[in-house]
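A short write-up of the structure that comes next.
Nothing in this text is a laboratory measurement; each read-out follows from the coordinates by a stated rule. Fair warning: this is a prediction, and the values are worked out from it, not measured in the lab. Using ideal geometry, Cβ is built from the backbone for each residue, glycine included, and neighbour counts are taken over all protein chains shown.
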Amino acid sequence: MVAPPRPVAPAGLGAVGTPRNGRGVGTMETMMTKKIGQPKQSGNARAAKAKTAARRGRQRPQTKKQIGIALLERPKGASIAEIQRAMGWQAHSVRGFLAATVKKMPGVTLISEKPENGPRRYRVEAAGA
């Protein structure tokens, strides 16, 4: 009696759910989500990497807070719509940022101006200026 032919595994797989390279055993789901060959970096390694990047002249990306404050420091200031576009926030989030973050910054005064023919504009000034 002749044995029936064995089913052929898809490319890259040995037995069911195990990779042919022998790097691990698990289900297809764990194989697809598991990162192989990239060890986790410790906190010290990440800090050292950031320090060397800083020495090479690379800057960290700006935070949204820094972007918003830079807009408000302009001579004309910024409207809520301009801050929305720059930060990708909704209007209520921008108003919350102005009230909770900018107003509470020490040494900074938030000024709100409503011109006759345009949207309300906000800007910041140093408290002593």
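Simple rule: put +1 on each Lys or Arg Cβ and -1 on each Asp or Glu Cβ in the stretch 64-126, find the dipole, and look at P75, V124, M87; the Cα lying farthest toward the positive end is M87.
Between amide H atoms placed 1.01 Å from N, distances below 5 Å from S79 occur with Y122, all of them 5 or more places distant or on a separate chain.
Taking amide hydrogens as placed 1.01 Å from N in the peptide plane, the amide H of V108 sits under 5 Å from those of A127, each at least 5 positions away in sequence or on another chain. Taking amide H as placed 1.01 Å from N in the peptide plane, the amide H of E73 sits under 5 Å from that of V124, each at least 5 places away or on another chain. Scattering from the C-alpha atoms of the stretch 64-126 alone, worked out with Debye: what is log10 I(q)/I(0) at q = 0.13, 0.14, 0.20 1/Å? Results for the stretch 64-126 at q = 0.13, 0.14, 0.20 Å⁻¹ read -0.29, -0.34, -0.70.
The residues neighbouring R123, those whose beta-carbon lies less than 14 Å from its own, together hold a net charge of +2 under the Lys/Arg +1, Asp/Glu -1 convention.
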